[in-house]
Structure formats: structure tokens, C-alpha cells
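Single-structure report; data block below.
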Amino acid sequence: MMNKEYVVFRKERDVSAIISDTYVFLKLEGKSFFGTILRTAMVPILIAIAGLFFCLNAFPTALDGLEVNMLQEEGVYQEVNFGIAFISFLAVAIFFMIVYIVINITVLYYIESYIQNKGTIDYAMIQERLKDKFWSFAGVFVLMGLIIVCSVFLCFFPVIYTSVVLALATPILVFRKLDVSDTIEFAFKFMNGHWWETFGIMLLIGLITTVISYLCAMPALIYRLNTAASHSTGEVSMIAAVFTDPLYVLLNGFSYIVQFLLYGITLVSNVFLYFDIDEQKQTKLR
């Protein structure tokens with residue numbers, strides 16, 4: 001028997017309905033939904049955050065090196081190894097991409113299971129999709145990144161345009177069951193005539209999640225500013241050393257975890273948006 005509180009995804013919605021239904025879905029499924037994200041993505045999340053803090057931990061040393069570069073000591077200059085720094089931050093970027101891939105797979109197949117089973121979640125299926133679909137999602141992410149980078153060199157608006165279009169690429173990959181290249185191509189066709197409404201909804205959802213994200217990051221920011229203010233202006237490395245402070249690491253780590261969970265909320269609204277556009281197109285064909 002269908003749950004009376006089951007949320008129907010496949011139907012047309014206006015802006016307010018997409019936002020309200022996203023809230024209703026999260027209210028009904030919040031514990032299971034976020035729990036599933038943490039269950040599948042917590043390890044890569046912790047690795048990504050740890051990698052970021054590792055890079056920030058080296059930040060004071062780099063600053064010390066830059067200070068020494070300005071002052072010659074015994075005729076020898078100490079240079080910062082920017083090659084190692086670049087490789088380190090590149091590795092962190094890759095780990096963050098892995099986190100977003102895992103969250104995408106988890107959220108989208110969670111919703112697919114929710115739709116197919118009328119509110120019942122098949123966790124085993126989600127685990128299987130994490131193994132089976134990882135490289136497909138990785139391919140989509142790489143192509144999306146290349147397209148956005150190319151758009152940067154064209155002008156400001158193409159970046160905004162392609163970012164909005166490609167935001168629905170992963171829902172298209174899952175619910176249309178296309179391959180990587182066809183997914184990107186279809187995304188541009190799918191968005192034809194619906195770009196502005198999509199932009200408006202994504203902007204509104206983005207503002208809501210950004211405000212929540214900043215509120216959660218505020219304790220870490222306040223702590224960092226207070227710690228930095230306690231040092232003199234010239235103590236650059238002492239100011240940067242706050243990044244190694246255990247309490248700051250804990251507060252900042254919490255804010256990053258919240259940001260990842262908020263990304264899951266964005267994906268839910270994107271799925272509602274995908275089905276809204278799809279239903280509009282189907283209505284026109286009837």
C-alpha cells in the first residue's frame with residue numbers, strides 16, 4: 001500500500017511547489033536521507049577534509065619561506081616548493097570531486113529507489129550503483145569541468161549558462177539512462193526553452209543553502225578572527241597557525257560536512273526541477 005505521505009516526483013511544479021516539496025521530502029525522509037549520505041560518503045568526506053587541513057597545515061611553513069626569501073641569511077635563499085604545493089592542492093581537489101560524485105550517486109539513486117518502490121529505499125541497490133556508476137559519473141564531471149573551463153575563456157554569461165544547463169546532467173544520466181557523451185548533449189537540448197526558470201529556481205535554492213552554510217561556518221570564522229587578532233600584525237606565520245588549532249579544525253570540519261549535506265538538498269531540488277521540465281515537454285507532445 002502506498003504511504004499517504006509519499007511525495008510524487010514526476011509532475012509539473014511552479015517555483016514555490018519545488019521549494020515546498022523539497023522541504024516536505026526532507027521532512028519525511030531527512031533522517032534516512034542524510035544518514036545514507038553520511039554512510040556512503042563519510043569516508044571520502046573525512047579524507048577530503050583531512051587533505052585540505054594538511055595543505056593548510058603547511059601554510060605557515062610556506063609563509064615562513066616567503067619571509068626568508070625577502071631577507072638573505074648567510075648568502076642562502078630558502079625557496080618554497082610550489083610544485084609540491086600545487087600537487088597537494090590538486091590531490092585535495094580530486095578528493096573533493098570524489099565526494100561530490102559519491103553524493104550525486106547516493107542522492108539520485110536514493111530518489112530513484114524512492115520513486116520505484118513508492119517510498120521504500122533499497123540501500124543494497126544504492127551500494128551497487130556506487131560501484132557500477134562511479135566512472136560514468138566521473139566522466140560526466142570531467143566533461144562538465146572542461147566545458148565550464150572553456151566557457152570561462154569566452155565570457156561571463158557563457159559560464160552562467162553552461163553551469164545552469166549542466167546542473168541537470170547527473171539527473172539526466174540517472175533517469176534517462178544515457179551514456180556520458182549523450183548525457184551532456186541531451187542536457188543542452190533538454191534545457192532549451194527552460195533556462196530562465198531553471199536559473200531562477202537554482203538561484204533561489206542556492207541563496208537558501210548559502211545562508212545556512214554561512215551560519216554553520218560562522219563559529220569557525222569568529223574563532224579564527226579572534227585568534228588572529230590576538231597576534232601582532234607582523235606575525236604572519238602565527239596568524240596562519242590557527243589552521244592547525246584543534247578547535248578551529250573541529251569547527252571548520254563540521255562546517256564542511258554541513259556544506260556537503262546541503263549539496264544533497266540542492267540535488268533533491270534539481271530532481272524536482274528535472275521532472276517538472278520533463279513533464280512540461282511531455283504535455284506539449286500529447
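Some observations on this one:
- For residue 153, the criteria (1) part of a helix (DSSP H, G or I); (2) touching a helix residue (DSSP H, G or I) at 6+ places or on another chain (Cβ under 9 Å); (3) among the hydrophobic types (A, V, I, L, M, F, W, C) hold in every case but one, which is (2).
- The residues of segment 121-150 that are touching a helix residue (DSSP H, G or I) at 6+ places or on another chain (Cβ under 9 Å) and of a type in the set (Gly, Ala, Ser), listed by number, are 136, 138, 139, 145.
- Scanning segment 114-141 for residues that are in contact (Cβ under 8 Å) with a residue 40 or more places away in the chain, among the polar types (S, T, N, Q) and over 21 Å from residue 38 (Cβ atoms) turns up just one, 136.
- Lone unmet requirement of (1) surrounded by fewer than 16 Cβ atoms within 10 Å (Cβ to Cβ); (2) at pLDDT 90 or above for residue 156: (2)
- Taken together, the residues in segment 114-139 that are surrounded by fewer than 19 Cβ atoms within 10 Å (Cβ to Cβ) and either assigned to a helix (DSSP H, G or I) or touching a His at 6+ places or on another chain (Cβ under 6 Å) (or both) amount to 14.
- Residue 169 being hydrophobic (A, V, I, L, M, F, W, C), open to solvent by 30 Å² or more (accessible area, probe 1.4 Å) and within 25 Å of residue 26 (Cβ to Cβ): no
The values are calculated or read from the model by the stated rules, or taken from the named source; none is laboratory data. Not measured: the values here are computed from a predicted model. For neighbour counting, all protein chains shown are included, and Cβ atoms are generated from backbone atoms with ideal geometry for every residue, glycine included. For accessibility, only protein heavy atoms count, side chains too; no ligands or nucleic acids. Shrake-Rupley method; radii C 1.70, N 1.55, O 1.52, S 1.80 Å.
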